Amino acid sequence: MIERYLIGHCAPALAGIKTANLFDMKVESEEVLNEQIAQWNVWLVPRGLTLRCLRYRNQKALVYAYRRSRLETDLSHPETAEFMKRFGYEQTDPDYALERLSKRIREEDEFPHEIGLFLGYPLGDVIGFIENAGQNCKCCGCWKVYCNECEAVKLFAQYRKCREVYMRLWSQGRSVLQLCRCC
């Protein structure tokens, strides 16, 4: 079941060209979800990709597929660390930061906007989204762009092409494990 979501929503992370992707999925129970994630992590972690449930509620799970090494690099920038302090992130260690993010997702009514940093979005675009309440962006694709439009448009095209290629290869019989690039 997770395989279809990984291909459809996480191809750029599988390919190693994006820090992370998210997807929602229905599951029969939290226990079944945890078993599935544990099994997939046995296969994926050696390839550099990890799955983590950020929230489970009413038989729906929000699953985060991420490249730990890239997340560590993304979060380690001093400007990012300073920005994240506003939202209660006392440190940028990926385990700590993901636990804090998961807690914010579970406990708050509004989705925490800093999640963009966990998905590899540029800090300027995350700040721009917050300051503009999601309005007045230069363009919109995988995220709303407030800073470097040209670079973002190139990335959006790269991510779209990756998804198309991965969907085609998967439909032709390639497995997620064959498509997950070691990084």
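The values are calculated or read from the model by the stated rules, or taken from the named source; none is laboratory data. Nothing here was measured: the structure is a model prediction, and the numbers come from that model. We place every Cβ from the backbone using ideal geometry, glycine too, and count neighbours over all the protein chains shown.
What helices (runs of 4 or more DSSP H) lie completely within region 110-183 and have 1 or more residues being closer than 27 Å to Arg55 by Cβ and in contact (Cβ under 8 Å) with a residue 60 or more places away in the chain? Before you say what the answer is, go through the steps one by one.
Details: elements: 115-118, 123-131, 149-171, 176-179.
Answer list for region 110-183: 115-118, 149-171, 176-179.
Here is a list: Arg104, Arg70. Which entry is of a type in the set (D, E, K, R), within 21 Å of Arg52 (Cα to Cα), out of contact with any strand residue (DSSP E or B) (no Cβ under 9 Å at 6 or more places or on another chain) and surrounded by 15 or more Cβ atoms within 10 Å (Cβ to Cβ)? Explain how you work it out, then say what you get.
On the way: Arg70 fails: out of contact with any strand residue (DSSP E or B) (no Cβ under 9 Å at 6 or more places or on another chain).
Sole residue among the options that is of a type in the set (D, E, K, R), within 21 Å of Arg52 (Cα to Cα), out of contact with any strand residue (DSSP E or B) (no Cβ under 9 Å at 6 or more places or on another chain) and surrounded by 15 or more Cβ atoms within 10 Å (Cβ to Cβ): Arg104.
Given the criteria within 17 Å of the chain's Cα centre (by Cα), surrounded by 13 or more Cβ atoms within 10 Å (Cβ to Cβ) and touching a residue at least 60 places away in the same chain (Cβ under 8 Å), does Arg47 qualify? Quick ask: steps written out before the conclusion?
Values: within 17 Å of the chain's Cα centre (by Cα): yes; surrounded by 13 or more Cβ atoms within 10 Å (Cβ to Cβ): yes; touching a residue at least 60 places away in the same chain (Cβ under 8 Å): yes.
For Arg47, the condition - within 17 Å of the chain's Cα centre (by Cα), surrounded by 13 or more Cβ atoms within 10 Å (Cβ to Cβ) and touching a residue at least 60 places away in the same chain (Cβ under 8 Å) - is met.
Output the number of the condition that Lys144 fails; it satisfies all remaining conditions of (1) touching a Cys at 6+ places or on another chain (Cβ under 7 Å); (2) of a type in the set (Lys, Arg); (3) modelled with pLDDT under 95.
Exception for Lys144: condition (3).
Mind listing whichever residues of region 50-67 are crowded, with 20+ Cβ neighbours inside 10 Å and in contact (Cβ under 8 Å) with a residue 40 or more places away in the chain? Explain how you work it out, then say what you get.
Pass one, region 50-67, residues crowded, with 20+ Cβ neighbours inside 10 Å: 50-51, 61, 63-67.
Listed by number, the residues that qualify are Leu51, Val63, Tyr64, Ala65, Tyr66, Arg67.
For the list (1) surrounded by 15 or more Cβ atoms within 10 Å (Cβ to Cβ); (2) aromatic (Phe, Trp, Tyr); (3) modelled with pLDDT under 95, I need the number of the one condition that Phe111 fails.
(1)
Is it the case that some residue within region 21-39 is in contact with a Pro (Cβ under 6 Å, 6 or more places away or on another chain) and at pLDDT 95 or above?
Looking through region 21-39, none of the residues is in contact with a Pro (Cβ under 6 Å, 6 or more places away or on another chain) and at pLDDT 95 or above.
Table: residues versus (1) farther than 30 Å from Trp43 by Cα; (2) in contact with a strand residue (DSSP E or B) (Cβ under 6 Å, 6 or more places away or on another chain).
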| position | (1), (2) |
| --- | --- |
| Cys139 | yes, yes |
| Trp143 | no, no |
| Cys150 | yes, no |
| Gln158 | no, no |
| Cys162 | no, no |
| Arg168 | no, no |
| Ser171 | no, no |
| Ser175 | no, no |
| Arg181 | no, no |
